[in-house]
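The values are calculated or read from the model by the stated rules, or taken from the named source; none is laboratory data. Computed from a predicted structure; not experimentally measured. Note: ideal-geometry Cβ built from the backbone for every residue, glycine included; neighbour counts use all protein chains shown.
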């Protein structure tokens with residue numbers, strides 16, 4: 001067991017134009033686990049209700065995700081319903097949120113889980129994120145965290161405390177500005193890495209991701225796609241690819257972090273090509289490697305050699 | 001004389017938060033010419049009024065811009081006034097537009113201008129753009145065009161006609177969608193290149209540029225900046241860097257177009273660091289080359305070798 005994720009497992013009802021899905025498998029820990037499972041062993045800590053389908057447990061187990069930490073509580077599984085604007089998938093409206101068994105989620109780690117060297121704290125209450133970190137036997141080699149505007153607005157002090165304790169922070173562009181109070185992204189990134197994380201990933205949706213590490217910036221575009229169906233889960237799939245690569249290689253050099261960022265972008269790009277985990281759960285090794293290779297061609301250009309000048313009139 | 005631009009020379013009054021400039025030098029042909037002047041000889045065709053300052057002619061001539069085609073008509077110079085939201089520089093409001101002498105602009109090319117091998121038709125009435133192209137002695141080696149929503153909405157047929165006749169189209173992301181009627185950018189790009197241009201540059205402001213050419217896509221990020229003062233002229237400075245490189249090298253291979261796109265991004269990034277042409281007109285060769293070199297580091301990562309696999313659990 002090398003990579004542990006604590007987060008949500010949910011049923012999502014999503015409507016986009018004429019297309020929709022009802023009670024489809026979702027949740028941050030689900031997307032993360034399945035994406036990471038292509039590269040690393042993964043264990044998941046989450047809670048579901050009595051209505052959770054055996055076929056969905058089987059889907060995770062089919063990817064060798066360790067579901068020993070998937071608690072089944074009395075009540076219903078967490079449900080989210082939303083609608084995206086088909087002409088602007090960045091714009092979505094939440095139609096309904098039913099926390100159900102997730103309202104009382106209190107992650108309990110087994111002895112085995114407590115020893116995980118790689119930990120991802122998906123987007124849940126920062127107090128729970130900190131509690132999980134405190135349950136670890138020893139400080140994992142790499143701890144990463146995701147969060148959102150809801151916690152920045154409602155639990156900023158707790159969030160600040162857990163951010164100070166992690167190595168890697170995943171955060172959306174607007175949330176990075178909100179959390180740091182800086183409108184310029186470079187200033188926002190400096191303010192956040194000054195709090196503690198040595199690595200910061202600012203997510204920009206269809207415009208890709210910025211990686212800040214050790215004073216350098218890496219810009220990964222989003223992979224251009226002919227078909228974008230459903231953006232739900234893209235951020236967690238990105239984190240899954242990133243952390244899966246980290247857990248598999250342990251390479252936290254700039255080289256490793258940049259490759260992990262590209263692999264995260266690859267996994268996020270597959271996620272949005274279908275509803276739910278329809279695409280992410282059905283990938284071949286070849287598809288993933290081919291898209292990783294194609295990624296290089298997107299940004300390649302011939303650099304200016306040390307002794308070369310630009311043309312002059 | 002190798003690169004000819006036809007467009008506007010204007011006085012802009014710009015307000016951004018507490019900062020502002022009144023009647024500062026602007027206009028598409030101005031930004032383009034000065035940016036391109038670092039790499040290639042440039043001639044400009046435009047019209048100004050009796051109030052146009054000699055110091056502004058001197059600024060262009062100081063960059064060896066050939067101003068023989070800068071017509072001085074009776075009346076006032078084209079004026080634009082606008083205000084940007086300091087917290088979101090993508091959002092701007094036009095406060096005033098006075099076309100003045102620009103209302104009757106009818107570009108007349110001298111024999112010398114008619115022979116230019118590289119031509120940039122900046123954002124003006126597509127009927128005038130087509131008229132300029134028809135005045136050329138022979139088809140230039142490379143003709144590029146910029147346009148905007150105003151012409152897409154008001155003169156779509158004329159615009160379509162001139163787009164069919166050019167090699168390179170510069171267009172904003174939302175305008176590419178509007179012009180093609182396709183919301184997916186890859187579909188929009190295919191629809192536009194099917195009309196005629198072999199090269200398409202879709203501008204995404206702070207998110208960079210997409211280059212479509214010969215079935216491949218190149219994604220250039222915007223250079224991350226600590227200070228963004230005024231976005232006015234960024235698109236024309238981008239086009240100036242791009243076409244300046246083209247006119248200097250003649251390299252319309254994928255290699256050349258990608259390097260030209262990076263150089264355009266470099267020139268656009270300098271432009272927004274100050275009001276008007278304050279930064280663009282005062283650059284050293286070293287500053288430009290250093291930023292071009294830094295650009296490479298933004299997107300570099302170690303590709304997956306042909307015989308290399310991604311890690312597996």
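Which numbered condition in (1) over 29 Å from residue B:185 (Cβ atoms); (2) over 20 Å from the mean Cα position of the chain (by Cα) is the only one that residue A:93 fails? Just one mismatch for residue A:93, condition (1).
If we keep just the residues of the stretch B:172-185 that are touching a residue at least 24 places away in the same chain (Cβ under 8 Å) and farther than 13 Å from residue B:147 by Cβ, which is nearest to the other protein chains (Cβ to nearest Cβ)?
Of all residues in the stretch B:172-185, those touching a residue at least 24 places away in the same chain (Cβ under 8 Å) come to B:172-176, B:178-179, B:185.
From what is left, the residues that are farther than 13 Å from residue B:147 by Cβ are B:173, B:185.
Working: B:173: 10, B:185: 7 Å.
Top of the filtered list is B:185.
Once the stretch B:1-21 is narrowed to residues that are within 14 Å of another protein chain (Cβ to nearest Cβ) and surrounded by fewer than 22 Cβ atoms within 10 Å (Cβ to Cβ), the residue that is nearest to residue B:260 (Cα to Cα) is B:2.
So for the stretch B:216-229 (the condition being in a helix (DSSP H, G or I), under 25 Å from residue B:26 (Cα atoms) and either more than 10 Å from chain A (Cβ to nearest Cβ) or under 13 Å from the mean Cα position of the chain (by Cα) (or both)), does at least one residue qualify? Give the derivation first.
Step one: list which residues in the stretch B:216-229 are in a helix (DSSP H, G or I), which gives none.
Looking for residues that are in a helix (DSSP H, G or I), under 25 Å from residue B:26 (Cα atoms) and either more than 10 Å from chain A (Cβ to nearest Cβ) or under 13 Å from the mean Cα position of the chain (by Cα) (or both), one finds none in the stretch B:216-229, hence no.
Taking the criterion of being away from chain A (no Cβ under 14 Å) and either touching a residue at least 24 places away in the same chain (Cβ under 8 Å) or in contact with a helix residue (DSSP H, G or I) (Cβ under 9 Å, 6 or more places away or on another chain) (or both), the residues of the stretch B:22-43 that qualify are B:23, B:24, B:25, B:26, B:27, B:28, B:29, B:30, B:31, B:32.
Per this entry, residue B:258 is counted among residues that are in contact with a strand residue (DSSP E or B) (Cβ under 6 Å, 6 or more places away or on another chain) and facing chain A (nearest Cβ under 7 Å).
Can you tell me which residue among A:244, A:297, A:196 is surrounded by fewer than 17 Cβ atoms within 10 Å (Cβ to Cβ), touching a strand residue (DSSP E or B) at 6+ places or on another chain (Cβ under 9 Å) and facing another protein chain (nearest Cβ under 9 Å)? First the steps, then the outcome.
Values: A:244 fails: surrounded by fewer than 17 Cβ atoms within 10 Å (Cβ to Cβ); A:196 fails: facing another protein chain (nearest Cβ under 9 Å).
Sole residue among the options that is surrounded by fewer than 17 Cβ atoms within 10 Å (Cβ to Cβ), touching a strand residue (DSSP E or B) at 6+ places or on another chain (Cβ under 9 Å) and facing another protein chain (nearest Cβ under 9 Å): A:297.
Just the residues that are over 17 Å from residue B:53 (Cα atoms) and touching a helix residue (DSSP H, G or I) at 6+ places or on another chain (Cβ under 6 Å), please, taken from the stretch B:65-93. Once the filter is applied, which keeps residues that are over 17 Å from residue B:53 (Cα atoms) and touching a helix residue (DSSP H, G or I) at 6+ places or on another chain (Cβ under 6 Å), the stretch B:65-93 yields only B:90.
For the stretch B:76-87, give me each residue that is surrounded by fewer than 17 Cβ atoms within 10 Å (Cβ to Cβ) and part of a loop (DSSP other than H, G, I, E, B). Those that are surrounded by fewer than 17 Cβ atoms within 10 Å (Cβ to Cβ) and part of a loop (DSSP other than H, G, I, E, B): B:86, B:87.
Taking the stretch B:205-221 as the search range and keeping residues that are farther than 23 Å from residue B:17 by Cα and out of contact with any strand residue (DSSP E or B) (no Cβ under 7 Å at 6 or more places or on another chain), which one is surrounded by the fewest Cβ atoms within 10 Å (Cβ to Cβ)? Lay out the reasoning, then the answer.
Applying the first criterion (farther than 23 Å from residue B:17 by Cα) to the stretch B:205-221 yields B:208-221.
Subset that is out of contact with any strand residue (DSSP E or B) (no Cβ under 7 Å at 6 or more places or on another chain): B:214-216.
Numbers: B:214: 11, B:215: 8, B:216: 13.
Across the stretch B:205-221, the extreme among qualifying residues is B:215.
Scanning the stretch B:273-292 for residues that are surrounded by fewer than 15 Cβ atoms within 10 Å (Cβ to Cβ) and free of Cβ contacts under 8 Å to residues at least 40 places away in the same chain, we see that the one that is farthest from the other protein chains (Cβ to nearest Cβ) is B:282. For the stretch B:160-188, name all the residues that are surrounded by fewer than 23 Cβ atoms within 10 Å (Cβ to Cβ) and within 27 Å of residue B:33 (Cα to Cα). Scanning the stretch B:160-188 gives B:160, B:161, B:163, B:164, B:165, B:167, B:172, B:173, B:174, B:175. Scanning the stretch A:54-67 for residues that are away from every other protein chain (no Cβ under 14 Å) and either in contact (Cβ under 8 Å) with a residue 12 or more places away in the chain or crowded, with 24+ Cβ neighbours inside 10 Å (or both) yields A:56, A:57, A:59, A:67. Does residue B:268 meet the test of being buried (at least 17 other Cβ atoms within 10 Å of the Cβ), within 17 Å of residue A:301 (Cα to Cα) and more than 9 Å from chain A (Cβ to nearest Cβ)? Judged against the criteria, residue B:268 is not a match. Would you mind finding the one in B:126, B:107, B:140 that is touching a residue at least 24 places away in the same chain (Cβ under 8 Å) and out of contact with any helix residue (DSSP H, G or I) (no Cβ under 6 Å at 6 or more places or on another chain)? Being touching a residue at least 24 places away in the same chain (Cβ under 8 Å) and out of contact with any helix residue (DSSP H, G or I) (no Cβ under 6 Å at 6 or more places or on another chain) holds for just one of B:126, B:107, B:140, which is B:140. Determine whether residue A:206 is at the interface with chain B (Cβ under 7 Å from one of its Cβ atoms) and over 21 Å from residue A:164 (Cβ atoms). Here the answer is no, as residue A:206 does not meet what is asked.
Residues that are closer than 30 Å to residue A:207 by Cα: list the helices (runs of 4 or more DSSP H) wholly contained in the stretch B:97-211 that include at least 2 such residues. Quick ask: steps written out before the conclusion?
Details: elements: B:111-114, B:126-135, B:149-154, B:156-165, B:173-180, B:185-195.
So the answer is B:149-154, B:156-165, B:173-180, B:185-195.
Within the stretch B:300-313, residues that are closer than 18 Å to residue A:247 by Cα and within 7 Å of chain A (Cβ to nearest Cβ) reach no partner that is loosely packed, with under 10 Cβ neighbours inside 10 Å and at pLDDT 95 or above with beta carbons closer than 7 Å at six or more positions or on different chains. Take the residues in the stretch A:22-53 that are within 17 Å of residue A:279 (Cβ to Cβ) and touching a strand residue (DSSP E or B) at 6+ places or on another chain (Cβ under 6 Å); name whichever of them is surrounded by the most Cβ atoms within 10 Å (Cβ to Cβ). Taking the candidates together, the pick is A:36.
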